[in-house]
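Working notes, beginning with the structure itself.
The values are calculated or read from the model by the stated rules, or taken from the named source; none is laboratory data. The model shown is predicted, which means the values in this text are computed figures rather than measured ones. Note: ideal-geometry Cβ built from the backbone for every residue, glycine included; neighbour counts use all protein chains shown. With ligands, DNA and RNA removed, areas are computed over all heavy atoms of the protein, side chains included. Shrake-Rupley method; radii C 1.70, N 1.55, O 1.52, S 1.80 Å.
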Amino acid sequence: MEKGSKESSKDVIRLGRESVIPILKPKLTMKLAYLIEHDSDRAEFLKLCKRVEYTIRAWYLLHFEDLMQLYSLFDPVYGAQRLEQQSLSSEEIDVLEQNFLTYFFEVMEKSNFNIVTDEEIEVAQSGQYLLNLPIKVDESKLDKKLLSNYFKEHPHENLPEFSDKYVIFRRGIGIDRTTDFFIMAKLDLIISRIWQWLLQKTRLQKLFSRKPKASPKKDPKKTDEPNGEADEEDLFVERIRLQSMQLSLRNLLGKNTIQEPTFDRMIVVYRRASPKNKTDRGIYIKHFKNIPMADMELVLPEKKNPSLTPMDWVQFIVSVVIGLVTLVGSLEMPKADFWVVVAILSALAGYCAKIYFSFQQNMATYQSLITQSMYDKQLDSGKGTLLHLCNDVIEQEVKEVIVSYFILMEQGKATIKDLDLRCEELIREEFGIQCNFDVLDAVQKLERLGIVARDSVGRIYCLPLKRANEIIGPTTEELVVKAKYSSSA
């Protein structure tokens, strides 16, 4: 993820394509089956899709059962009771919770979730969307032992600085648009720009300017300008914000639409700090959807109540002192200029009003967004999130196998690279979606199923549909359905 501008007037974020296939499995299988010319082949293909799904589901069954059994011991609601019934030592519990995290991180990887890095957070929060308050985590309420022990045994690259306390996963990219009058935000914008103008005129701008944030490191091989291969591989999303709006009568009096890229899915994992004389083993897993990048703080655990920042207080106090000193100095002059006094008082009152109204509006927005994140943005938590992830893994694995087999069936032998390009091209042309197809994982599953082979030069080819169905054979689900219809007949 990088921040840049394709044009000087636009704020554009450059995003890499992800491996997830965001197409419903029934839609994918029916669309591909429709592309098959002969009815008999179409029926065999649909049968193969069913058998592939049932077989892959069976592969993961024991793995997912172990995951759910382990989590039942660390469920924040009932986990403590189950641990007490097991009469396990502290060392044994430590081993079990690390086993759970190992299973969990494997599932997250299979589901194509990525851990949010410091650089991604910096790029995401370099802009403002609906949430304009500084949100901080109360780290004293979070455990630092659980995740530290896991990452010590299982090192990861580009871990964020808070990874010892909580981990944020993200997957998928979307766009959120909000249309409104934004009355208070526009008022704040007007006051802010007037204040900046006054600071420039009085040459006090350096005194009040905030220290700019360090820009994220960029790969020197990458540029923000779309070109050739980079343009095909990456996604460019524009940020549309009020802060960059021109102050015209039409913009101030009418509705405006702001836009921000979103993370389609976000999952947060953490443990609360244990109270005195008691060890809390609960592991919290929370699942969110459609979180604007600039409002990523909404998913943070154990948030502090927002307040004015120290810089805001410094600006407020210094402004009052400077204003009063200037006012007193003007009044002590033999001929005090009435309009100078009015200008000083107006500027002082305007800045105080800016701070007050901005904070009040931001607090109201914050409360609204927190409520929305609880009821609209939060998909699930705990066991419900794990069940969703387990099903998601199976869905992704099945879709990868179906697409890659279809390409080999329709277009013949292919190298790994050619197969990758053909699968991505199929998804782009038939469904209008760009993704980074995980061809290596797909080929591994095809080979495990035994329905593909390689020629003398290493090219991959698929076995005929009927032969592929014979190799996989009838699944347990098929036998159950067959027995059900036989008994009813």
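Of the conditions (1) over 30 Å from residue 434 (Cα atoms); (2) open to solvent by less than 80 Å² (accessible area, probe 1.4 Å); (3) out of contact with any Gly (no Cβ under 7 Å at 6 or more places or on another chain); (4) of a type in the set (A, V, I, L, M), residue 183 satisfies every one except a single condition; which number is it?
So residue 183 meets the others, but not (2).
Would you mind telling me which numbered condition in (1) open to solvent by 60 Å² or more (accessible area, probe 1.4 Å); (2) without any contact (Cβ under 8 Å) to a residue 40 or more places away in the chain residue 304 fails?
(2) is the only condition that residue 304 fails.
Can you tell which of 65, 92, 97 is open to solvent by less than 20 Å² (accessible area, probe 1.4 Å) and over 30 Å from residue 293 (Cα atoms)?
That would be 97, the only listed residue that is open to solvent by less than 20 Å² (accessible area, probe 1.4 Å) and over 30 Å from residue 293 (Cα atoms).
Of the numbered conditions (1) farther than 18 Å from residue 411 by Cβ; (2) without any contact (Cβ under 8 Å) to a residue 40 or more places away in the chain, residue 464 satisfies every one except a single condition; which is it?
The failed condition is (1).
Looking at (1) assigned to a loop (DSSP other than H, G, I, E, B); (2) farther than 30 Å from residue 249 by Cβ; (3) polar (S, T, N, Q), find the lone condition where residue 128 falls short.
(2)
Say we look at the stretch 245-260 and pick out the residues that are without any contact (Cβ under 8 Å) to a residue 60 or more places away in the chain and in a loop (DSSP other than H, G, I, E, B); which of these is least open to solvent (accessible area, probe 1.4 Å)?
The extreme case among them is 245.
I'd like to check something: does the stretch 428-436 contain any residue that is touching a Leu at 6+ places or on another chain (Cβ under 9 Å) and open to solvent by 70 Å² or more (accessible area, probe 1.4 Å)?
Yes, some residue in the stretch 428-436 is touching a Leu at 6+ places or on another chain (Cβ under 9 Å) and open to solvent by 70 Å² or more (accessible area, probe 1.4 Å).
Restricting to the stretch 448-489, name every residue that is farther than 22 Å from residue 45 by Cβ and hydroxyl-bearing (Ser, Thr, Tyr).
456, 485, 486, 487, 488
Among what's in the stretch 32-45 and is assigned to a helix (DSSP H, G or I) and surrounded by 15 or more Cβ atoms within 10 Å (Cβ to Cβ), pick the residue that is nearest to the chain's Cα centre (by Cα).
32
In the stretch 128-177, what residues are among the polar types (S, T, N, Q) and over 21 Å from the mean Cα position of the chain (by Cα)?
140, 148, 149
Sort out which residues of the stretch 21-30 are of a type in the set (Lys, Arg) and surrounded by fewer than 15 Cβ atoms within 10 Å (Cβ to Cβ), and write them in order of number.
Listed by number, the list holds a single entry, 27.
Listed here are the residues, each with its yes/no results for (1) touching a Leu at 6+ places or on another chain (Cβ under 9 Å); (2) at pLDDT 70 or above; (3) open to solvent by less than 90 Å² (accessible area, probe 1.4 Å); (4) part of a loop (DSSP other than H, G, I, E, B).
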{"residue": "171", "(1), (2), (3), (4)": "no, yes, yes, no"}
{"residue": "192", "(1), (2), (3), (4)": "no, yes, yes, no"}
{"residue": "199", "(1), (2), (3), (4)": "yes, no, yes, no"}
{"residue": "220", "(1), (2), (3), (4)": "no, no, no, yes"}
{"residue": "243", "(1), (2), (3), (4)": "yes, yes, yes, no"}
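Under 7 Å by Cβ, and 6 or more places apart or on different chains, what pairs join a residue from the stretch 110-127 that is at positive phi with one that is open to solvent by 30 Å² or more (accessible area, probe 1.4 Å)?
Sorted first by the residue in the stretch 110-127, then by its partner, the pairs are 112/19.
Any residue at all in the stretch 376-392 that's open to solvent by 50 Å² or more (accessible area, probe 1.4 Å), among the acidic types (Asp, Glu) and out of contact with any Pro (no Cβ under 9 Å at 6 or more places or on another chain)?
yes
Pick from the stretch 261-282 the residues that are out of contact with any helix residue (DSSP H, G or I) (no Cβ under 7 Å at 6 or more places or on another chain) and either among the aliphatic types (A, V, I, L, M) or in contact (Cβ under 8 Å) with a residue 24 or more places away in the chain (or both): which of them is most open to solvent (accessible area, probe 1.4 Å)?
Across the stretch 261-282, the extreme among qualifying residues is 279.
Report, ordered by the first and then the second residue, all pairs with beta carbons closer than 7 Å, sequence separation of six or more or different chains, a first member in the stretch 74-90 that is in contact (Cβ under 8 Å) with a residue 60 or more places away in the chain, and a second member that is of a type in the set (Val, Ile, Thr) and surrounded by 11 or more Cβ atoms within 10 Å (Cβ to Cβ).
74/283; 83/93
Filter the stretch 113-136 down to residues that are open to solvent by less than 30 Å² (accessible area, probe 1.4 Å) and at pLDDT 90 or above and give me whichever is farthest from residue 64 (Cα to Cα).
117
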